[in-house]
Amino acid sequence: MIIEPRIKGFICITAHPDGCAKNVRDSIDYIESQGKINLPKIKNVLVIGASTGYGLSSAITATFALKANVLGVAFEKNAQRGRTAGAGLYNLEEYQKQAQKNGLYLKNIIGDAFSNEVKAKVCETAKTDIGKFDMVIYSIAAPSRIDPNTNERYASVIKPIGKEYKSKGIDLNSYKIIETAAQPATDEEIENTKKVMGGEDLELWIDMLKKQDLLSDGAVVVSYSYIGPSVTHDIYLNGSIGMAKNHLKETSDRLSSDKNYNIKSYVSVNKAVVTQASSAIPTLPLYISILFKVMKEKNIHENCIEQAYRLFKKFASGENLTDENGFIRIDDWEMRDDVQCEVTDRWEKIDDGNINILSDLEGYKSDFLKLFGFGVDGVDYSKDVEIEVEETENLFFI
Ligand code: NAD
């Protein structure tokens, strides 16, 4: 079939296998152009949320810059009759092919990382194949979570706290500037968001790995977060998702200081990039479009793979890793005063008439389509693509 993008709101419900494969090869080429990173103690890496965005980039960096053995976990839909698989599945298929070609160990478990079943599968696979993990990357962005102990489902929300949020934004269908508004989260919604995006699941993972003797002494754990500029604080940093991220940081700090675990757990604050997760946050697409233009003009723009490479380089540098609050900051270029001053100035002035001058809306659109394998250079989109339909299971390997 000929596959075209079918966009619904902030997601695209189709994905192009060849485009996704080319994106992955481009990321690997980037890593290979930058060279190996010397982290000899990191031999086995677990990446939770490995199929897209920051998780995929971290996994690719671990495989190709560290030559580490990587075990990934992701939640992706298989193809169904008349419907392509999720982009993440095509990403992982190509990543697997390239790792294999290079004789590097990679396995991906497709299933719900929040479940006991997937955690058990990871432990079983690690014991058989590679042994203890020296690094765990936690890069989940999920709309909901089933608590494995109670079977209760919790949904996360992206809402302000205590007051209504109103701001400029972009309509992702018409690409016109609109006013976005969100009502304040209830106490229950805040607690539910913490259940999904907070530290509870990270703790369950670390606990399980420790009990199964699958964490090496001094293993490094890294989770991801975002801080961003003041225009997004009410909806992100000080909103329901920000409360969940605080819980993640508190959990990470507690795990780090608990001598029983003997791990070093960090939260890395990353730059705003176009991913499936960030597209869902009101205001971010407009902010990102302006930010990209400013950062590109200053020659300091980075995408996920460039950020992931810089993060691993930071670990290898032996420099002080964290800021005064204990965060790793690879959003440092985004948050530079000169960048933020320029972004704020443009934020005030931007309207439908000047949007293409003040922001990189075209870059945003193109990055968004690329997430699903569309608009990728060198891919023939007029070619008939055969979509393999497989019986969907809730747990399988790639
Ligand atoms: P993404 O949507 O690209 O990736 C999310 C990943 O989580 C995917 O691999 C998906 O398969 C996996 N996942 C979701 N639910 C799962 C489940 N139940 N079981 C197993 N896997 C599951 O998102 P992203 O933007 O790369 O976000 C990853 C992390 O980075 C998040 O913590 C996010 O807050 C953080 N972050 C993102 C940005 C940004 O601008 N996108 C900036 C800073 C930090």
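The values are calculated or read from the model by the stated rules, or taken from the named source; none is laboratory data. No experiment lies behind these values; they were computed from the predicted model shown. Every residue, glycine among them, receives a Cβ derived from its backbone with ideal geometry; neighbour counts consider all protein chains shown. For the accessible areas, the whole protein counts, side chains as well, though only heavy atoms, and no ligand, DNA or RNA atoms are used. Shrake-Rupley method; radii C 1.70, N 1.55, O 1.52, S 1.80 Å.
The table that follows gives values for the structure above.
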{"read-out": "Extreme residue, farthest from LYS264 (Cα to Cα), among residues of segment 193-218 that are part of a helix (DSSP H, G or I) and open to solvent by less than 30 Å² (accessible area, probe 1.4 Å)", "value": "THR193"}
{"read-out": "Single condition GLU94 does not satisfy, out of (1) touching a residue at least 24 places away in the same chain (Cβ under 8 Å); (2) farther than 30 Å from ILE170 by Cα; (3) out of contact with any Cys (no Cβ under 7 Å at 6 or more places or on another chain)", "value": "(3)"}
{"read-out": "Meets criteria (away from the ligand (no atom under 14 Å from the Cβ), open to solvent by less than 10 Å² (accessible area, probe 1.4 Å) and modelled with pLDDT under 95) for ALA79", "value": "yes"}
{"read-out": "Some residue of segment 262-269 being closer than 22 Å to ASP187 by Cβ and surrounded by fewer than 21 Cβ atoms within 10 Å (Cβ to Cβ)", "value": "no"}
{"read-out": "Segment 347-378, residues that are open to solvent by less than 30 Å² (accessible area, probe 1.4 Å) and either more than 25 Å from VAL294 (Cα to Cα) or not in a helix (DSSP H, G or I) (or both)", "value": "ILE350, SER359, ASP360, PHE372, GLY373, PHE374, VAL376"}
{"read-out": "Selected residue (criterion: farthest from the ligand (Cβ to nearest atom)) from residues of segment 227-250 that are within 21 Å of LEU204 (Cα to Cα) and touching a strand residue (DSSP E or B) at 6+ places or on another chain (Cβ under 8 Å)", "value": "LYS249"}
{"read-out": "Residues within segment 328-346 that are open to solvent by 50 Å² or more (accessible area, probe 1.4 Å) and farther than 25 Å from ALA308 by Cα, tallied", "value": "4"}
{"read-out": "Near pairs, Cβ below 7 angstrom, 6+ apart or cross-chain, from segment 23-35 (at negative phi) to any residue that is among the hydroxyl-bearing types (Ser, Thr, Tyr) and assigned to a helix (DSSP H, G or I)", "value": "VAL24/TYR95; SER27/SER57; ILE31/THR61; ILE31/TYR309; GLN34/TYR309"}
{"read-out": "Top-ranked residue of segment 83-111 - restricted to ones that are of a type in the set (Lys, Arg) and out of contact with any helix residue (DSSP H, G or I) (no Cβ under 9 Å at 6 or more places or on another chain), ranked as nearest to the ligand (Cβ to nearest atom)", "value": "ARG83"}
{"read-out": "Qualifying residue in segment 112-130 (condition: within 16 Å of the ligand (Cβ to nearest atom), open to solvent by 70 Å² or more (accessible area, probe 1.4 Å) and either touching a residue at least 12 places away in the same chain (Cβ under 8 Å) or within 19 Å of the chain's Cα centre (by Cα) (or both))", "value": "yes"}
{"read-out": "Positions within segment 258-280 being more than 14 Å from the chain's Cα centre (by Cα) and either near the ligand (Cβ under 9 Å from one of its atoms) or in a strand (DSSP E or B) (or both), in sequence order", "value": "ILE263, LYS264, SER265, TYR266"}
{"read-out": "Residues satisfying the stated conditions in segment 1-58, i.e. part of a loop (DSSP other than H, G, I, E, B) and over 19 Å from ALA308 (Cα atoms)", "value": "MET1, ILE2, ILE3, GLU4, PRO5, ARG6, GLY9, PHE10, ILE13, THR14, ALA15, HIS16"}
